[in-house]
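Since the structure comes first, as structure tokens, the remarks are kept for the end.
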Amino acid sequence: MAVVQEREPVTEILRAMAVDADVCGELVRAARAHSPEVARLTEAETRSHVLAMIRAAGAWFGTFDRVEEQDFTTALLLGADRAGQGVPMTAVLRGVQAALTRVAEISVDRCRMSGVPDSALLPVILRLKEYGDAIERHVINGYHAAERGPAPEAHEIRTRLLRRVLVDGVAPGAEELGRAGIRAEDGHAPYHCLVAEATGPGHAHRLTHRFSALRGLSGLVEGRVVGLCARLPQGEDPDLPALVVASPAAPLDRLRPLYRLCVRAVDLGTAEGRQGWYELTDFAAEIAVADQPLLGAHLSDRLLGGLDPSDAFHRQLALTALTFLDCGRRLDQSAATLFTHPNTIRYRLGRFQQITGTSLTDTRPDGRGGPLETLHRWWALTTWLGRSPTQSATAIRDGGDSLKK
């Protein structure tokens, strides 16, 4: 009976704690101090889960015996995230228990400051312990579920939602979002679209597992591994088995065109042999060049008409000119990239100018020669060579110097 009488004050105290940055910081520090494995993750990752658990604690006190009404999605996601990040279960629970203990300590202090009598504090502590036990159970369930992989039915639900958002361009309703594990209020939040080409055995499983660890959805759409996530990974991932392209964050109803661009970027990058995480904007120029071949061909005819594609030396000059532009017009960097002497680069650029009438080092008399002019030359060279800048530089390193001048 005493607990019921003190329900509202305690609920309000927990709600106030949920928006208190100092309290949140204390809980994050407690979790990280008691679990070195958790401390290796970013503070932002820990903070987001901490905030959600404090808010859920307020709801727990508000419902009391209606435990079935509680939403433990955050605890399930916490367990799944940590499993995907390779954090051992014992380390996860140490961090969770440390944060929950600190919640209880701060709650008792604030209850006393708010005038809650000591006689009512024991039920409050017991209620918090019940909440902590429930959180731990769901963290463990989420962790084990991530290890096993999604159930077939859940996988189908998520894949269907991914297709509706990315292929059909349909904004899902709250009920559909909930079935896929996304809260209705998060349906309007911006998400990154991830696209990867699974090129080897087991790659699809490994990629979907990593995408899911980013607090998002993943599945196979149009033969590719795709995902939606609220955040991108921090740092490099040398063990990533494929090229992954991530779009800028956007609401779900605006992701369809970004998905198509990501698919295009993956096709181009995979053909070049790229691997690892890339942002969509890293492929901006390559997508534009690849998707406007006619314009590129006319640009090549105008700027490079003097070059003969069947002449090996002319191809070497074009490859050198493209590398020079890629290196910011630096002779030393171009020479280092091509493993040759700067004087050799200078000679080739001079011959390139004699044949094409185009100087890559001087500003034209009419004042033209700025960024747009450089872009046009880069585009013309890329189109004329019929390959990407990455492939061009590789070709020079592998055999360019063996060509006769």
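The values are calculated or read from the model by the stated rules, or taken from the named source; none is laboratory data. On a predicted model such as this, the values are computed, not experimentally measured, just so you know. Cβ coordinates were reconstructed from backbone atoms using ideal geometry, including for glycine residues, and neighbour counts include every protein chain displayed. Keep in mind that these areas ignore ligands, DNA and RNA; they rest on the heavy atoms of the full protein, side chains included. Shrake-Rupley method; radii C 1.70, N 1.55, O 1.52, S 1.80 Å.
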Problem - Pairwise FRET efficiency - Arg47 versus Arg112, Cβ, R0 = 30 Å, nearest 0.05 - result: 0.65
Practice task
At a 1.4 Å probe radius, which order do Trp378, Trp277 fall into by accessible area, largest first?
Solution key: Trp277, Trp378
Practice task
Provide the packing ranking of 157-165, 261-269, i.e. peptides ordered by the mean count of other C-beta atoms within 10 Å per residue, highest first.
Solution key: 261-269, 157-165
